[in-house]
Amino acid sequence: MSLIDPQLAAILVCPVDKADLTEDEAASRLVCTQCGRRYPVRDGIPVMLVDEADGGPDE
């Protein structure tokens, strides 16, 4: 099962570097394939705010 709607997943990218995202279903988050930032998914809605993300090169 997917965390978010497949049509939405097809167009979402990391807001920092515009790289593709993968789903981490166990942790309910989307992970950037380039910088490694992890964006939470709450109730099926991805929170694509850099301030809400974990990880990335600055961590």
### Message
With N set to the number of residues, divide the alpha-carbon radius of gyration of the chain by 2.2 N^0.38 Å and report two decimals.
### Response
1.00
### Query
In what sequence, highest mean first, do 44-52, 30-38 appear when ranked by Cβ atoms within 10 angstrom?
30-38, 44-52
### Cα centre as origin, Lys/Arg/Asp/Glu Cβ charges: the chain dipole, Debye
100 debye
#### Entry: Gain in span if fully extended, residue 33 to residue 10, counting 0.36 nm per residue against the direct Cα distance
6.9 nm
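The numbers here are math on the coordinates, done by the rules we state, and not lab data. Model, not experiment: these values are computed from the prediction. Note that each Cβ is placed from the backbone with ideal geometry, even for glycine, and that neighbours are counted across all protein chains shown.
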